[in-house]
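Read through the structure below, which is laid out as structure tokens, and then see the notes.
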Amino acid sequence: MFLHCFKYDFIRTIRDKGLIFWMMAFPIILSTLFNLAFSNIYNNDVLRDTINIALISENEDPMFDAVLQQVTDGDKPLFKAEKMSRADAEKKLTDNDIAGIINTEDMSLIFSPDGDKTHQTILKEFVDTYRINITVIIDAYQNAPQSLDAVVTTLMSDIDTPEYRPLTKGSINIMDQYFYNIIAMVAFFGSISGMLAATGNQPNLSKKAARRSLSPTPKLVCVISNVLAAFLAQCVCVVISTSYILLVLGKNLGDNIPLVYVSGMISALLGVSFGFCVGCFGKMSESAKVGITMAFTMLCCFLSGLMVPNIKADIENSLPVINRLNPAALISDLFYCLNVYDDYRVYSQRIAIIGAMIVVFTTLGFVFTRRKKYASI
């Protein structure tokens, strides 16, 4: 009897076109648009490009030109210098095409007030260091020419160069949080499925539930089959959405791919259990419960950073308890932890909170269901 009910409950769920659109098609469309909009922002704005500068002077300075070519940022040149007239350089500076102008005769700098402050700081530090080193070399040449080679070798060598050690093997692209939140949205959309599963067993809210209440099938069997069917359908949607983000869009969700999918399924169970709890509570109409569930879901996604990227960090700094109670924030944290952290300490904390929420919501849902009695249908 249970398998029969489960089969038809699952078929009924996946045939709901509106539900499938919001849980499957909409996340795919949204993630595609996000990918088109944000794919190059991190590389262009966060990871700095080579700094364009202009050189103005009447005389050649081969030493300074050689130093400019040797200064690199990893595997790419730090500066791209172009010699030009003062008028052309000032025009490029006004248009923000270059970060600054260097007069190689006196090593003076010209900046634009509207220019990139980070680029200007880097350029100033480089010129100041070069000016100091040249002064030391000239002083050694005039006062101790026998030590000139040693001084030049010392200044040109990399002394106590910091070693680059990445803190994580995962992606630190801040734009990836949008895709974590899309998966969180899909999973928490399971609250709609769970809510409909609950109202589908309340004869005062559904004609189908009224017919089912007249059947000899125990009410507990009907409720459990409805909830499990909603959970299975939600898992399918989460797996499809996650696979699209992971395989089609090529986003990095960490090395432990099986745990990524397991996290999605656990998150789907959280959404379904919350919706089941809301659906069993009170005597409101089904449309009112759908509205409340959808509004709460979108509010959680908003606070998690789906619409405003920095809001989650601001909440963490001012009132972190909200992030610990926000289901969407907890779900997005799961994927962030799998991608960024090398251990599972924070991930385990989030899983523990999610597990506790699932138990509370499911228990409350069954308590509210047992208290419902109908004098007539």
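The values are calculated or read from the model by the stated rules, or taken from the named source; none is laboratory data. Model, not experiment: these values are computed from the prediction. Cβ atoms come from the backbone with ideal geometry, glycine included; neighbour counts cover every protein chain shown.
Total residues in the stretch 81-99 satisfying the condition of being touching a helix residue (DSSP H, G or I) at 6+ places or on another chain (Cβ under 8 Å) and surrounded by fewer than 17 Cβ atoms within 10 Å (Cβ to Cβ): the figure is 1.
Within the bounds of the stretch 264-276, is there any residue that is in contact with a Leu (Cβ under 8 Å, 6 or more places away or on another chain) and at pLDDT below 90? Among the residues of the stretch 264-276, not one is in contact with a Leu (Cβ under 8 Å, 6 or more places away or on another chain) and at pLDDT below 90, which makes the answer no.
Could you grab me the full set of residues in the stretch 308-328 that are hydrophobic (A, V, I, L, M, F, W, C) and either under 12 Å from LEU270 (Cβ atoms) or not assigned by TED's automatic domain parsing to the domain that holds MET357 (or both)? Across the stretch 308-328, the qualifying residue is only ALA328.
Exactly one residue out of ALA197, ALA210 is crowded, with 23+ Cβ neighbours inside 10 Å, at pLDDT below 85 and hydrophobic (A, V, I, L, M, F, W, C): that is ALA197. When SER348 is tested against (1) outside any helix (DSSP H, G or I); (2) without any contact (Cβ under 8 Å) to a residue 12 or more places away in the chain, only condition (1) is not met.
Hey, among PHE335, PHE274, which residue is over 18 Å from SER241 (Cβ atoms), assigned to a helix (DSSP H, G or I) and not β-branched (Val, Ile, Thr)?
Within the list PHE335, PHE274, the selection yields PHE274.
Which of the residues belonging to the stretch 15-29 are touching a helix residue (DSSP H, G or I) at 6+ places or on another chain (Cβ under 9 Å) and surrounded by fewer than 16 Cβ atoms within 10 Å (Cβ to Cβ)? Correct list: ASP16 only.
For the stretch 240-277, give me each residue that is touching a residue at least 24 places away in the same chain (Cβ under 8 Å) and among the hydroxyl-bearing types (Ser, Thr, Tyr). Spell out how you get there, then give the answer.
At the first step, the residues of the stretch 240-277 found to be touching a residue at least 24 places away in the same chain (Cβ under 8 Å) are 240-242, 244-245, 249, 251-256, 259-260, 263-277.
Selection gives SER241, THR242, TYR244, SER263, SER267, SER273.
Taking the condition of a type in the set (Asp, Glu), under 15 Å from ILE134 (Cβ atoms), touching a Ser or Thr at 6+ places or on another chain (Cβ under 9 Å) and in a loop (DSSP other than H, G, I, E, B), does GLU105 pass? Against the criterion (of a type in the set (Asp, Glu), under 15 Å from ILE134 (Cβ atoms), touching a Ser or Thr at 6+ places or on another chain (Cβ under 9 Å) and in a loop (DSSP other than H, G, I, E, B)), GLU105 qualifies. Scanning the stretch 32-51 for residues being assigned to a helix (DSSP H, G or I) and either among the hydrophobic types (A, V, I, L, M, F, W, C) or at pLDDT below 90 (or both) gives a total of 12.
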